[in-house]
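Q: Dropping a structure here in structure tokens format, bear with me for questions.
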Amino acid sequence: MDLTIGPNQFFWSAETVRDFYARMAQAPAARVVLGELVCSKRLPFWENEIPVAIEALQAAGKQVALTTLALITLKRERKLTAELIELGLPVEINDLSALQLLPEGREFWAGPLVNVYNTGTVQFLARRGATRICLPPELPLESVAVLAQAGRDCGVAVEVWGHGRLPLAVSGRCYHARLHDRAKDSCQFVCGEDPDGRDVETLDGEPFLAVNGIQTLSQSTATAAWHIEALREAGVSSLRLSPQSRDFPEVVAGYAALIAGQTTPAALADTLRDSAPLGRLSNGFLTGPCGADFSETA
Amino acid sequence: MMELVCPAGTPASLRAAVDAGAHAVYCGFNDETNARNFPGLNFSPEELAEGIAYAHDRGAKVLVALNTFPRAGGEVLWHRALANAESAGADAVILADLGLLDYAATHHPNLRRHLSVQAAAANPDAINFYAATFGVRRVVLPRVLTVDEIRAINREIDVETEVFVFGGLCVMAEGRCSLSSYATGRSPNMNGVCSPASHVVYSEETDGLRARLGDFTIHRTPKGQPAPYPTLCKGCFTSGEQTGHVFEDPVSLDATQLIPALAKAGVTALKIEGRQRSRAYVAEVVRSFRAAVEAQAAGLPLPQGALARLAEGQAGTTGAYAKTWR
């Protein structure tokens, strides 16, 4: 089992991005997926950092893939996707329309926002050239085990959401703009004010969700730390760690120690809580009654 | 004339919709193979066959929704549903899952395939992918597009498009939302349910009625006011200084007045949401919309206000179609 750093879901400054990937080059992860996942309007602000990051990551021996947008609607976004594919690096598809633009036979990865729920879908994607699939976070452990087996049978590496705020939904509407009473087209990039998304609580003050542009995330930070053995037994080959603004290098190092058997979830728990936004963890999608649930006896 | 595609949660609703003038009715089996898997709703294979015979005798089509994502290891339930739909004489199946589309194209090549809104195909590339790969003949468009975008899509594709014009409104990209399973463990994609009633708890408090979904408060309604069902994305929440409907106001979609614009945009079929609604509701909505599409086809002004009573207590919205979100 190894580690994959997922694409940063949030809108960070170019300088923050540069610093982040310079650190990731030194982190104990096997591969990194980067690029703009959530909003094409953010890209001009940091796209110049992408080649710099690719170079640093590859020089450090990491496999690098570029993600598509999560929701491709505009003509400009379709063109952007076609250009992304032409760069020649592995592409992680997070909107299926990219499959139409991908040359026949070209290898690709399927990201967690592609609906892969069953063996038939794994087999179909494998036939189309998928070599790696990160499963949707809502899948229970029993499904993960079936799909990891299906992946092994057709040469596809199966990855599972290992850490980070859960990507729960995408919309045509921008919630950051809506919360600021602005239209999507004149958002003034307010999502940049919230490096881990903007927290949403219930009327009773319970932490619940977080909005990030057109995306809705969990307020809690999901962690597979308590399920490493079960996932390994199920045949999962990689854990996906999703970037957050605080102490991410320590988080990656913690999971690396965990899969190497050098630490325990209990010993890692403080690091995870201290770095997570509002300090709340969840792990209910894998074995709990609901995604928001957290149990240390998983 | 634009085709009117109407919901039927029960055999009685199916007959009511056909009698009221539906060109096509869509329905599902009474299990997790469809995205309205509610207690007391939907069809057994025998009921479906009878319903299809009733519709065909009166010149209406029946489309069968198998629009959830088959459970890993449980695919046989969905495969059996496909076979049952075909042998019952369904005019088309409405599918969302890649694996199931692939299976249907291979094992039931003569069964017409429509792409469910749950597949969230929101641009011409996605639609052309499904058409080229699985022979999909019609796409139900996600409710995130404007009329202009729909027109542009129709210029670049060779398959029919169907759009929602009335009823409940998903504000998230359909089929790509796990908010419900985050709060309850049950989701549209996996279980065919969203914000399920089994996880709703109402409690009377001093300041009114509190509605919770799982462990989360979705609404607080002052005493004496009608309490909306606690659908997660239509809930009232707080973010920083703001309290309100963070994701969506509790409105329902009414795009009646956009029917001429949608026709011009090349849309083939108009869809009415609401397989969970009563037979009387279905009949009334279908009658109104049949009058509207007939007026549209004849170049006459649309009948005004026919549906106001059905939307009573709930504000109507034209959703994304009229571009108010941009």
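Q: Given the DSSP H assignment, sum -39500 (n - 2.57) over each helix run of at least 4 residues in chain A and divide by its residue total; what's the result at 222 nm in deg cm²/dmol, nearest 500? Present the calculation step by step, with values, prior to reporting the outcome.
A: Numbers: 12 runs with 103 residues, N = 298.
Taken over chain A, the calculation gives -9500 deg cm²/dmol.
Q: Quantify, in whole percent, the carbon and sulfur part of the accessible surface of segment B:179-244 (1.4 Å probe; protein heavy atoms only). Before the final figure, lay out each step's value.
A: Working: 1500 of 2850 Å².
Ligands and nucleic acids excluded, carbon and sulfur give 53 percent.
Q: Stokes-Einstein at 25 °C, 0.890 mPa s, Kirkwood radius from Cα pairs: D for segment A:39-89 in µm² s⁻¹?
A: Numbers: Rh = 12.1 Å.
Translational D for this selection: 203 µm²/s.
Q: Compute the Rg to Rh ratio over segment B:114-257 from the alpha carbon atoms, using the Kirkwood formula for Rh, and round to two decimal places.
A: Numbers: Rg = 18.2 Å, Rh = 17.2 Å.
When Rh is taken as the Kirkwood radius, the ratio is 1.06.
Q: May I pose another question? Explain nothing, just the number: dipole magnitude of the protein assembly as shown about its Cα centre with +1 on each Lys and Arg Cβ and -1 on each Asp and Glu Cβ, in debye rounded to the nearest 20. Don't skip to the answer; put the middle values down first.
A: Numbers: 56 positive and 68 negative charges, 256 e Å.
Magnitude of the dipole: close to 1220 debye.
Q: Same structure again: Tell me the net charge near B:ALA297. Cut-off is 15 Å between Cβ atoms, B:ALA297 excluded, with +1 for each Lys or Arg and -1 for each Asp or Glu.
A: Details: positive: B:LYS264, B:ARG290; negative: B:GLU3, B:GLU294.
That works out to 0.
Q: Could you pull the Rg and Dmax for segment B:208-289, using just the Cα atoms, both in Å?
A: That works out to 17.3, 48 Å for Rg and Dmax.
Q: Let me ask you something else. To the nearest 0.05, what FRET efficiency results for A:GLU296 and A:GLN26 with a Förster distance of 45 Å applied to their C-beta separation? Please list the in-between numbers first.
A: Numbers: r = 30 Å, r/R0 = 0.67.
Computed FRET efficiency for A:GLU296 and A:GLN26 comes out at 0.90.
Q: Which of A:GLU49, A:GLU92, A:GLU201 moves most in a GNM of chain A, Cα contacts under 10 Å?
A: Evaluated over chain A, the most mobile residue of the options is A:GLU201.
Q: In chain A, if every C-alpha pair distance is counted and binned at 5 Å from zero, what percent goes to each bin?
A: For chain A, the pair-distance distribution reads 1, 5, 12, 16, 20, 19, 14, 9, 3, 1, 0.
Q: Once Lys and Arg get +1 and Asp and Glu get -1 on their Cβ, which of B:PRO188, B:LEU262, B:ASN67 lies farthest toward the positive end of the dipole of chain B?
A: The residue sitting farthest along the positive end of the dipole is B:LEU262.
Q: Okay, moving on. What net charge is computed for the residues neighbouring A:ASP293, neighbours being all others with C-beta under 12 Å from the C-beta of A:ASP293, Lys and Arg scored +1, Asp and Glu -1? All intermediate terms of the calculation are to be shown ahead of the outcome.
A: Numbers: positive: A:ARG280; negative: A:GLU296, B:ASP215.
Taking every Cβ under 12 Å from that of A:ASP293, the sum is -1.
Q: For the protein assembly as shown, what are the per-bin percents of Cα-Cα distances with bins 10 Å wide, up to the bin holding the maximum?
A: Using 10 Å bins, I get a P(r) of 3, 17, 28, 28, 17, 6, 1, 0 for the protein assembly as shown.
Q: Another one. Work out, in µm²/s and without decimals, the Stokes-Einstein translational diffusion coefficient of segment B:28-76 at 10 °C, 1.306 mPa s, Rh from Kirkwood over C-alpha pairs. Display every interim value, and only then the final one.
A: Details: Rh = 11.9 Å.
Rounded, D is 134 µm²/s.
Q: Same structure again: Please report the net charge: other residues with Cβ closer than 10 Å to the Cβ of B:ARG71, K and R +1, D and E -1.
A: Values: positive: none; negative: A:GLU142, B:GLU32, B:GLU75.
Counting the neighbours of B:ARG71, the net charge comes to -3.
Q: Same structure, new question: Using the heavy atoms of the protein chains alone and a 1.4 angstrom probe, what is the accessible area of chain B per residue in square angstrom? Intermediate values should be presented prior to the final figure.
A: Working: 11910 Å² over 326 residues.
On a per-residue basis, chain B sits at 37 Å².
Q: Can you send over the carbon and sulfur percentage of the accessible area for chain A, probe radius 1.4 Å, protein chains only? Before the final figure, lay out the partial values.
A: On the way: 5200 of 10390 Å².
Carbon and sulfur: 50 percent of the exposed surface of chain A.
Q: Taking all pairs of distinct Cα atoms, average 1/r, flip it, and tell me the Kirkwood hydrodynamic radius of chain B in Å to one decimal place. Write down the numbers at each step before the final one.
A: Details: mean 1/r = 0.0492 Å⁻¹.
With all distinct Cα pairs of chain B included, I get 20.3 Å.
Q: With labels modelled as points extended 7 Å from the Cα through the Cβ direction, what inter-label distance (nm, one decimal) is found for B:ALA132 paired with A:ARG273?
A: 5.3 nm
Q: Within straight cross-link reach of B:LYS234, meaning Cα distance under 16 Å, which aspartates and glutamates are found once same-chain residues fewer than 8 apart are removed?
A: Filter leaves A:GLU201, B:GLU174, B:GLU248, B:ASP249.
Q: Would you mind telling me the antiparallel percentage of the DSSP bridges in the protein assembly as shown, rounded to 5?
A: Details: 34 of 89 bridges.
Taking every DSSP beta bridge with both residues in the protein assembly as shown, the antiparallel ones total about 40 percent.
Q: Lysines near A:LYS75 by alpha-carbon distance under 25 Å, same-chain residues fewer than 8 away left out - which ones?
A: A:LYS41, A:LYS184, B:LYS264, B:LYS323
Q: Specify the residue with the greatest mean-square fluctuation among A:GLU206, A:GLU250, A:GLU107, computed from a Gaussian network of chain A linking alpha-carbon atoms under 10 Å apart.
A: A:GLU206
Q: If only Cα atoms are counted, what is the Rg of segment B:179-244, and what is its Dmax, in Å?
A: Rg then Dmax for segment B:179-244, in Å: 12.4, 37.
Q: Taking θ = phi - 60°, what integer Hz values does the Karplus form 6.51 cos²θ - 1.76 cosθ + 1.60 yield along segment B:266-278, in sequence order, with x for Gly and Pro?
A: Per residue, the Karplus-derived 3J(HN,Hα) values read x, 6, 8, 9, 10, 10, 10, 7, x, 5, 8, 7, 6 Hz.
Q: Charges only on Cβ, +1 for Lys and Arg, -1 for Asp and Glu: so what's the dipole of segment B:179-244 about the Cα centre, in debye to the nearest 20? List each step's numbers first, then the result.
A: Values: 6 positive and 5 negative charges, 37 e Å.
Rounded to the nearest 20 debye, it is 180 debye.
Q: Eigenvalues of the Cα gyration tensor times 5, then square-rooted: what semi-axes does that give for segment A:184-298, in whole angstrom, largest first?
A: Numbers: eigenvalues 151, 54, 36 Å².
Ellipsoid semi-axes (Å, largest first): 28, 16, 13.
The values are calculated or read from the model by the stated rules, or taken from the named source; none is laboratory data. Being a predicted model, the structure only gives us computed values, none of them experimental. All Cβ positions, even for glycine, are placed from backbone atoms using ideal geometry, and neighbour counts span all protein chains on display. The accessibility values were calculated without ligands, DNA or RNA, using every heavy atom of the protein model including side chains. Shrake-Rupley method; radii C 1.70, N 1.55, O 1.52, S 1.80 Å.
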